[in-house]
Amino acid sequence: MTKNFNLLSMMLLLLVAFSASAQRKCGSAEHLQEMMANDPQMAINRHAIEQHTSDYVANPSKHNRILVTIPVVFHIVYNTAAQNVSDAQIQSQLTVLNNDFRKLNSDVSLVPSAFAGLAADCEVQFCLAQQDPNGAATTGIVRKSTTVTSFGTNDAVKFTAQGGDNIWDRNKYLNIWVCNLGGGLLGYAQFPGGAASTDGVVVTYTGFGTIGTAAAPFNKGRTATHEVGHWLNLYHIWGDDGTACTGSDLVGDTPNQADENYGCPTFPAVSCTNGPNGDMFMNYMDYTDDACMYMFSAGQKARMQALFSAGGSRISLLTSPGCTPPSTSSCGVPGSLSAGSITSNSAVLTWGAVSGAVSYSVQYKLSSSSTWTTTTATTNALSLSGLTSGSTYNFQISAVCAAGSSAYSAASSFSTTAVCNNTYESNNTAASATTLALNTPVLSMIATTGDFDYYKITTTTAAPKVKVELTTLPADYDLRLYASNGSTQLASSLKAGTLSELIKYNTPTTGGTYYILVYGYNGAKSATNCYTLKASTSAANWRIDPNESMDEEKAELMMYPNPASDKLTVNYFTPVTSDVVASVYNAMGQKIVTHFGSAVEGSNEIAINTSTLAEGMYILEILLNGERKMEKFNVKK
């Protein structure tokens, strides 16, 4: 009984693991309720705003087409260097906002045909502020170091006295604070009608932009899109004011739905009898992953535009000078920044010519650096050389006129190509593993199908904890960590596609020898592009960030067809030749099929006869090289 009980326990754990996924968490609805409870005037303001919105939506004659440009100031409030996000990361977020609100996002093509006619260009766009509330030149970015390690929804991040940064005039700017939000919160926003001292959007630094600290599955900038939607008077699409199927987002063309959707649902996802098309889960105001939300509806656009019509609560933004350089400078700020002719150590920067400019000041730096290199160009192009290969650079431009210089442009970025060779062959076995220098990234290739790259590292008792990072994947590569015998697996990272792989192994308390294996999943390879591998050690445990585990890993066993009828084919991997035992258990934990065989180094395949099995769910167990691998499959006749 004990053996079967343990097996059933493992089966339950396995099934739970299949359903685990990252979930979006927005604090805007709770923040709105708290503000209205504490500020009676806000409740009055909200009622007036909704009356104005309802009147605007009901009267098409008031729908004058208007392109709204909103100046944005980003308050970067950081406690650690990682939280001090780069100018390039900020620019990536601004680009996402402009694409999403103008229906210029490339993934809008993924909207199902049933909803495609409702996807709207909201005619709202955003610029980095070029002058501050006092009329002085600005980059639209304010950086503030803080001793506060984590913020919540109490608006402390919006006040200098509480460790944050004070707001700029909300009638002239959209204020976006970027900081470390606690409690798994991605962001929150203040709806129109609230206090002037706190009006804006807050986004956590790991859910901001598309590069740098942005962590999957919230690394496509859609958290800010979602929160700015709230700031422009959009509710969650399922409605926050009722139980399942009774809530309303006050938008006529979004289907009624029971609750929020998480992850990436399959269309149609029907709830509240809203078939055949079901929920509009790809809407920015649902809770799906960044990669699975890509539209606002026409009805949501109307609610936003109502704010900028006569009597609208955000109409003052239409006359903001924030997007205009200060009048004290006769020079315009250069735009249309681009980089071309990029090699491993050089690039040519270009930008739009500015009328009256006699020269240009050019600043560039490694994205990981805080120090700019400044040079001068006499035309609107500059060739850079002596750059570091395989690295990302930021650059920005200021125009120099006879009367003075403009503000620097928003930073743009480019990446040099990596010098790439299949450097470490032959290292196809643990016995021939290449010794890897710690804390130093290396480039190499999986050039052929069946190429296994083994590396060897040695840690010390002073720094016994191990972290292995596999990045810049040209194909679906996987990563494994083995003990000193080269065959006992300690950890693995098996993410799908070209997602980066990461192992953090905090068990050791003394120094030791380890083997690292990089290989192509199911024959994946590239003879032209390199992966990047880095092994690091630490005295303290590596911090396990929940965001690092949000990408679902591939199964250790690849089985097909599933459901099976007469035969189940199983592919599995082993680093060494070994005996293998494959067993099938039914839902009660009873062993009903056993297969004995041997496996060779690399990918292997066995066939399980399922013709005599009844329909239902089964568990396949592989005992291989001292390890147990388990996956579920189904039989259907």
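Taking residues in the range 377-392 that are not assigned by TED's automatic domain parsing to the domain that holds ALA88 and surrounded by fewer than 16 Cβ atoms within 10 Å (Cβ to Cβ), and partners anywhere that are in a loop (DSSP other than H, G, I, E, B) and of a type in the set (Val, Ile, Thr), the pairs with Cβ atoms closer than 8 Å and at least 6 places apart or on different chains are THR388/THR416; SER389/THR416; SER389/THR417; SER389/VAL419.
Only one of the numbered conditions (1) in a loop (DSSP other than H, G, I, E, B); (2) surrounded by 13 or more Cβ atoms within 10 Å (Cβ to Cβ) is violated by SER355, and that is (2).
Across the range 299-325, what is the number of residues that are surrounded by 17 or more Cβ atoms within 10 Å (Cβ to Cβ) and more than 17 Å from VAL72 (Cβ to Cβ)?
Step one: list which residues in the range 299-325 are surrounded by 17 or more Cβ atoms within 10 Å (Cβ to Cβ), which gives 299-309, 312-314, 317, 320, 322-323, 325.
So of that shortlist, the ones also more than 17 Å from VAL72 (Cβ to Cβ) come out as 299-303, 305-306, 309, 312-313.
Residues meeting the conditions: 10.
For the range 143-169, a residue qualifies if it is over 23 Å from the mean Cα position of the chain (by Cα) and either in a strand (DSSP E or B) or within 27 Å of CYS331 (Cα to Cα) (or both), and the qualifying residues are LYS144, SER145, TRP168, ASP169. Whenever a residue of the range 17-46 is over 18 Å from ASP249 (Cα atoms) and at pLDDT below 85, its partners that are of a type in the set (Asp, Glu) and outside any helix (DSSP H, G or I), lying with C-beta atoms within less than 8 angstrom and at least six residues away or across chains, give the pairs SER21/GLU552; ALA22/ASP289. A residue that is in contact (Cβ under 8 Å) with a residue 24 or more places away in the chain, assigned by TED's automatic domain parsing to the domain that holds ASN219 and closer than 16 Å to GLY221 by Cα occurs nowhere in the range 141-152.
Scanning the range 393-424 for residues that are touching a residue at least 40 places away in the same chain (Cβ under 8 Å) and β-branched (Val, Ile, Thr) yields ILE397, VAL400, THR416, THR417, VAL419.
Is the range 416-424 home to any residue that is in contact with a Gly (Cβ under 9 Å, 6 or more places away or on another chain) and within 23 Å of VAL142 (Cα to Cα)? So that I can check it myself, show each step before the final result.
Going residue by residue through the range 416-424, those that are in contact with a Gly (Cβ under 9 Å, 6 or more places away or on another chain) are 416-420.
The next check asks that each one be within 23 Å of VAL142 (Cα to Cα); those that pass are none.
Within the range 416-424 (the criterion being in contact with a Gly (Cβ under 9 Å, 6 or more places away or on another chain) and within 23 Å of VAL142 (Cα to Cα)), the answer is no, since none of the residues qualifies.
Could you list, in sequence order, the residues of the range 426-471 that are surrounded by fewer than 16 Cβ atoms within 10 Å (Cβ to Cβ), farther than 30 Å from ASN394 by Cα and out of contact with any helix residue (DSSP H, G or I) (no Cβ under 9 Å at 6 or more places or on another chain)? Passing the criteria: THR429, ALA431, SER432, THR435, THR448, THR458, THR460, THR461, ALA462. So, THR243, is that one touching a residue at least 12 places away in the same chain (Cβ under 8 Å), surrounded by fewer than 22 Cβ atoms within 10 Å (Cβ to Cβ) and either among the β-branched types (Val, Ile, Thr) or on the phi > 0 side of the Ramachandran plot (or both) or not? So THR243 fails the test. Scanning the range 35-59 for residues that are part of a helix (DSSP H, G or I), over 34 Å from the mean Cα position of the chain (by Cα) and polar (S, T, N, Q) gives ASN38, GLN41, ASN45, GLN51, SER54. Determine whether VAL635 is more than 30 Å from THR429 (Cα to Cα) and of a type in the set (Val, Ile, Thr). So VAL635 fits the description; yes.
Here are LYS62, LYS103: which of them is in the same structural domain as ALA195 (by TED's automatic domain parsing) and over 32 Å from the mean Cα position of the chain (by Cα)? Steps first, please.
Numbers: LYS103 fails: over 32 Å from the mean Cα position of the chain (by Cα).
Every option except LYS62 fails the conditions.
On the basis of being over 30 Å from GLN130 (Cβ atoms), without any contact (Cβ under 8 Å) to a residue 60 or more places away in the chain and either out of contact with any His (no Cβ under 9 Å at 6 or more places or on another chain) or in a loop (DSSP other than H, G, I, E, B) (or both), does THR288 make the cut? No: the conditions fail for THR288.
Report whether or not GLN257 is crowded, with 23+ Cβ neighbours inside 10 Å, under 22 Å from LEU104 (Cα atoms) and not acidic (Asp, Glu). Break it down stepwise before answering.
Working: crowded, with 23+ Cβ neighbours inside 10 Å: yes; under 22 Å from LEU104 (Cα atoms): no; not acidic (Asp, Glu): yes.
Criteria not met by GLN257.
The values are calculated or read from the model by the stated rules, or taken from the named source; none is laboratory data. Quantities reported herein were computed from a predicted structural model and do not represent experimental measurements. Glycine gets a Cβ as well: all are built from the backbone with ideal geometry, and neighbour counts include every protein chain shown.
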